[in-house]
1. Hey, with R₀ at 25 Å, roughly what FRET efficiency would B:Ala244 and B:Arg173 work out to, going by the Cβ-Cβ distance, to 0.05?
2. Which percent, to the nearest 5, of DSSP beta bridges fully inside chain B are antiparallel?
3. Within the protein assembly as shown, what percent of beta bridges assigned by DSSP are antiparallel, to the nearest 5?
4. To test your reading of the geometry: what angle, between 0 and 90 degrees and rounded to tens, separates the Cα axis of helix B:100-111 from the longest principal axis of chain B?
5. Between B:Glu145, B:Glu245, B:Glu218, which gets the highest mean-square fluctuation from a Gaussian network model of chain B, Cα cutoff 10 Å?
6. For region B:17-154, what D do you get in µm² per second when you plug the Kirkwood radius from alpha-carbon pairs into Stokes-Einstein at 37 °C and 0.692 mPa s?
7. Answer with one residue from A:Cys56, B:Cys127, B:Ile222: the one whose Cα lies farthest towards the positive end of the charge dipole of the protein assembly as shown, charges on Cβ with Lys, Arg +1 and Asp, Glu -1.
8. Hey, quick one: spin label on A:Ser6, modelled 7 Å out along Cα-Cβ, who in region B:46-68 has an amide N within reach, i.e. under 18 Å?
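What follows draws every value from the coordinates through simple rules; no lab data is involved. Computed from a prediction, not measured in an experiment: that's the story for all the values here. Here the Cβ positions follow ideal geometry from the backbone for every residue, glycine too, while neighbour counts run over all protein chains shown.
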Amino acid sequence: MSKVISFMEKLGASSELKQLTESEVLELLKSECDLEASLFHSDVAHMLGARSNMVCGLVAAEEHDPEVEAEAAA
Amino acid sequence: MQTGSLVCVGTGMTLGSHISPLSRSYIEQADVVFVLVADGITEKWIEQMNADVRSLQPYYLEGKSRMITYREMVAAILAEVKAGKKVVGAFYGHPGVFAWVPHNAIKQARELGFKAHMEPGISAEDCLIADLGIDPGSSGCQHFETSQFMFYKRTIDTAALLVLWQVGVAGDRSLAKFTTDSEYRKILVKLLAQYYPLHHEVILYEAATLPIQPTRIEYLPISALPDATMDLKTTLVIPPSTKAELNDELIAELEQLVKSREAVES
C-alpha cells in the first residue's frame, strides 16, 4: 500500500505528471503499483484503510465552551 | 529550558505538492507526531514519515463542542512535551491560519518553559489566491471566520474582497455541529444583503487535498447560498461590489505637505 502513497506523493510533486490526463495517470498507477485501481477518492481511501470522515476545523468563532456554561448554569 | 520541545508545522493543502523540506524534516526527526489533516489519505502519507504518528481526528465528535475538542488536542500534545519528547504537530495548510490549536499549544508550551515554535505551510488562502487569480493587494481583503462574522457587529468594506472561512458551519453557537443547514445560511444571506445585492456573484472554494482531486470553484449568486453544498473545508469568497472612493480630503492634505516641503527647499 505504501507504493500507492508514494505514487500520490510523486504525482503531487511533479510538474511533468501534473500535465497527464486522468487515463494516463491511471495507467501509470497500474504500472508503478501493480494495481488495478480506480482514481476515485473513496476507492483509494478504502484500499489504504484511510479514514473516510475527516473533520478539519481548528478555530472557533468564540472561545467559550457552550457545554461547560450550560452545566454551570444548571 | 526543559528537555521536551514542540514544533507545529504546516503540511500544505495538497499531498506531495506543498510540504516544505524543513517541515518534513521535523516530522521525520520527531519522537511523536500529532497529525490533523483534511484527508484520510494525507494522514496515511504522514504516517509513513515517522514511526509514532497519532491522529487528532478521534477527538472530534458531532454534538461535542469543538472548543472542548481543541483543548483536549492541546492537552494531548503538551502531555508528550512534558514527558520530555520532541513533539511535532503536523496541521494541514498553514498551522497558524485560522488555527486555535497550534497557536495555543505553542503558547502553553512556552509558558511551561519548553522550546516551541511554528513552521509555516501553504494555506488554503494561498491556494485560493492562485486558483481564483485574485490579488488581495488590488482591492484590499477582509477575512473572517463566518460565525464570528455573524455574531459580532463588523464594518464591511464592499470595495474590498471579503473571505468567509468555515461557511459550512455558519451560525453554529454550540460549536457542536459539523455542518449547519439552509436556515442558518438564510440568516447569513440576510446579513450579507445589508451590504451586497442578492444577485452579486460569489465563489465557493475548496482547495484540492489530493493530486487526483479537482479544486472546487463554484460561482453562484448570494441568494443561492442557502441551498449550496458546504462543509468545514468550504470557503466563501465575495468579490468587491463597489469601487473604492478617493479620500479627497486626505489627498489634499498630502499635496499640501509636498507643496510646503518644496517651498522650504526652494
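1. Once the sixth-power term is evaluated, E becomes 0.15.
2. Antiparallel: roughly 35 percent of the beta bridges in chain B.
3. 35 percent
4. That helix lies at roughly 60 degrees to the long axis.
5. Checking each option, the largest mean-square fluctuation is seen for B:Glu245.
6. 199 µm²/s
7. The residue sitting most towards the positive pole is A:Cys56.
8. Only B:46-51 fall inside the zone, counting backbone N under 18 Å.
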